[in-house]
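For reference, the structure discussed in these notes is given below.
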Amino acid sequence: MSVHPRSPRHLRIAAQAELISLIVLLSNLFTVHLEPISSLTGPTHGCAYLFVAIATWRQEQARTTAKVLAFVPGVGGLLALRQLDRVETTRAQPEEITPHERRPSPER
């Protein structure tokens, strides 16, 4: 059984919160435009966005691509997580083992 390491849980939660809060903000803007919803989800989205960007930047295994993707509003956190998971799964895969030719054992 092989266990694939996953990116940190706090980063996953923040990336999902970033996307959900953006969806709520935009749907509120294009429909009823209620001020209480905007005043609640606006700061939530901003905090989640900043958290994702900073947390991705601080990841040691994050490549530059993942760090740049984290700054895309809304879906950047999920795209950065996808890049982080790709890096971790390629590192977690075992090396390919090639069978050696069997030499005949000398008969005595």
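Descriptive notes on the structure:
- Residues with amide H under 5 Å from that of PHE71, placed H, sequence gap 5 or more: none
- With DNA, RNA and ligands ignored, accessible area of SER27 (1.4 Å probe; Å², nearest 10): 60 Å²
- For segment 33-46, backbone phi angles converted through the Karplus equation (6.51, -1.76, 1.60; θ = phi - 60°) give residue-by-residue couplings of 6, 7, 4, x, 5, 5, 6, 8, 7, x, x, 4, 5, x Hz, Gly and Pro being listed as x.
- The accessible-area ordering, largest first, of the residues PHE71, PHE30 stands as PHE30, PHE71, per a 1.4 angstrom probe.
The values are calculated or read from the model by the stated rules, or taken from the named source; none is laboratory data. Just so it is clear, the structure is predicted and the values come from calculations on it, not from any experiment. These area figures cover heavy atoms from the full protein model, side chains too; ligands, DNA and RNA do not enter into them. Shrake-Rupley method; radii C 1.70, N 1.55, O 1.52, S 1.80 Å.
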